[in-house]
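Everything below concerns the one structure shown next.
The values are calculated or read from the model by the stated rules, or taken from the named source; none is laboratory data. All of these numbers come straight from a predicted model, not from anything done at the bench. Please note: Cβ atoms are built from the backbone with ideal geometry, for glycine as well, and neighbour counts cover all protein chains shown.
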Amino acid sequence: MPSIPTAPGTVPIEPAPAPPASGFRKIIHIDMDAFYASVEQRDDPALRGRPVAVGGSSARGVVAAASYEARRFGVRSAMPSTRAARLCPDLVFVPPRFEVYRTVSRQIHAIFRDYTALIEPLSLDEAYLDVTADDRGIGSATRIAERIRQRIRAETGLTASAGVSYNKFLAKLASDHNKPDGLCVIRPGEGAAFVARLPVARFHGVGPRGVERMAALGVATGADLRAIPLESLRTHFGAQADYLYRAARGIDLRQVEANRPRKSVGAERTFASDIGSGPALREALGEIVDIVWNRIEQAGVQGRTVTLKLRSADFHTLTRARSLPRAVADAGEFGQVGRDLLDALLPLRQPVRLMGLTLSALEVAAAPGDAAAAPGDAAPAGQGTLPF
Ligand SMILES: [Mg+2]
């Protein structure tokens with residue numbers, strides 16, 4: 001059989017955003033509801049309706065995800081398990097099953113790919129989709145989001161919330177707005193007013209320390225943030241200032257970046273008082289290991305290089321790294337490499353004020369964001385007028 005010659009120009013290319021004729025992009029943020037906890041309740045009927053925390057219950061354990069029943073008691077992800085158990089005495093702890101979560105993640109990504117090739121995963125259960133080109137000719141971004149939600153429910157037995165808007169910042173706020181099992185649309189022209197009412201703690205990228213620093217400036221809501229001049233934001237928030245300045249106005253210039261390579265996953269901690277003794281440093285390291293490993297699991301990545309960072313009381317920074325010939329296998333090995341790096345530095349000449357641990361040389365362990373994802377047929381130009 002004669003082979004069909006491939007015409008130049010039909011070679012699959014990296015998905016590139018089609019220019020929006022309307023000037024607005026159509027972005028959907030999809031976020032599974034209480035993901036790990038919902039998977040556990042789906043697979044074990046005895047857990048349904050009960051407060052569930054995915055994570056270890058030991059003294060060093062951290063809650064990776066909490067069911068909505070547990071959240072009513074104030075249980076949150078990243079909370080120490082001991083504190084969660086105090087808040088909710090009937091809390092059921094379930095060990096995580098990341099293989100199952102990765103399988104569900106692959107299922108939802110397969111659904112996403114039916115609607116767009118422009119998918120940017122944030123974690124196993126969250127992603128931005130740019131549907132400006134409307135590859136399937138569905139006619140509205142809101143309708144695409146509803147179809148995706150229906151299919152996720154039908155194909156996985158789980159619920160997802162969706163936010164639809166004209167940039168990533170607003171789409172993520174929107175998906176959070178009607179959780180669980182909700183849909184929220186922020187149309188062009190509505191972004192600034194939506195943002196003005198919100199507490200800044202809801203802004204993506206503003207963590208507990210950012211909230212504290214804003215409170216010190218008298219900033220509690222988007223409207224408060226909008227009143228702060230750019231120069232002042234730059235003084236207080238450095239590199240994040242421009243993002244915050246735009247966010248307060250409902251503007252976000254970031255594109256949906258398909259297959260964005262993540263370089264590292266890590267965490268660092270500044271101590272309330274400087275630490276110098278070996279046992280105290282090892283204990284602090286153990287806590288950081290748990291936090292970082294939780295993030296690694298959520299990101300669905302594997303990596304070979306472990307880097308320990310210590311900053312002494314006089315702001316001198318030491319880093320030590322070790323690369324394994326293959327990916328770090330589990331939290332135990334990650335912690336062991338970290339401890340070996342620490343032990344090689346002991347005894348310290350100076351106590352330290354900050355400790356950090358990072359995993360790098362990453363590969364994506366799960367299929368989400370799979371580089372082999374078909375970019376799909378080139379979107380016809382001029383479909384940027386897709387209604388919301
Ligand atoms: Mg989620």
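When you scan the stretch 159-166, do you find a residue that is outside the structural domain of ILE296 (by TED's automatic domain parsing), aromatic (Phe, Trp, Tyr) and in a loop (DSSP other than H, G, I, E, B), even just one? Within the stretch 159-166 (the criterion being outside the structural domain of ILE296 (by TED's automatic domain parsing), aromatic (Phe, Trp, Tyr) and in a loop (DSSP other than H, G, I, E, B)), the answer is yes, since at least one residue qualifies.
Taking the stretch 135-164 as the range and being among the small types (Gly, Ala, Ser) and either within 27 Å of ARG295 (Cα to Cα) or within 16 Å of the ligand (Cβ to nearest atom) (or both) as the test, the residues that pass are ALA145, GLY157, ALA160, SER161, ALA162, GLY163.
Checking each residue in the stretch 265-282 for being touching a residue at least 24 places away in the same chain (Cβ under 8 Å) and among the hydroxyl-bearing types (Ser, Thr, Tyr) picks out only THR270. Filtered by the rule that a residue be among the hydrophobic types (A, V, I, L, M, F, W, C) and either assigned to a strand (DSSP E or B) or away from the ligand (no atom under 14 Å from the Cβ) (or both), the stretch 21-49 gives ALA21, PHE24, ILE27, ILE28, ILE30, MET32, ALA46, LEU47.
For beta carbons closer than 8 Å, sequence separation of 6+ or different chains, a first residue in the stretch 239-264 that is on the phi > 0 side of the Ramachandran plot and modelled with pLDDT under 95 and a second that is hydrophobic (A, V, I, L, M, F, W, C) and surrounded by fewer than 20 Cβ atoms within 10 Å (Cβ to Cβ), the qualifying pairs are ASN259/ALA371; ASN259/ALA373.
Quick check on this structure: which one of LYS172, LYS179 is modelled with pLDDT of 95 or more and within 16 Å of the ligand (Cβ to nearest atom)? Let's see the steps before the verdict.
Numbers: LYS179 fails: modelled with pLDDT of 95 or more.
Every option except LYS172 fails the conditions.
Filtered by the rule that a residue be without any contact (Cβ under 8 Å) to a residue 12 or more places away in the chain and part of a helix (DSSP H, G or I), the stretch 318-342 gives GLY332, GLU333, GLN336.
Considered as a group, the residues in the stretch 77-134 that are of a type in the set (Gly, Ala, Ser) and in a helix (DSSP H, G or I) include one that is nearest to the ligand (Cβ to nearest atom), and that residue is SER105.
If we scan the stretch 188-210, do we find a residue that is more than 18 Å from ALA171 (Cβ to Cβ) and among the charged types (D, E, K, R)? There is at least one residue in the stretch 188-210 that is more than 18 Å from ALA171 (Cβ to Cβ) and among the charged types (D, E, K, R). Being of a type in the set (Val, Ile, Thr), crowded, with 20+ Cβ neighbours inside 10 Å and either modelled with pLDDT under 95 or over 21 Å from ARG254 (Cα atoms) (or both) is a description that does not apply to VAL211.
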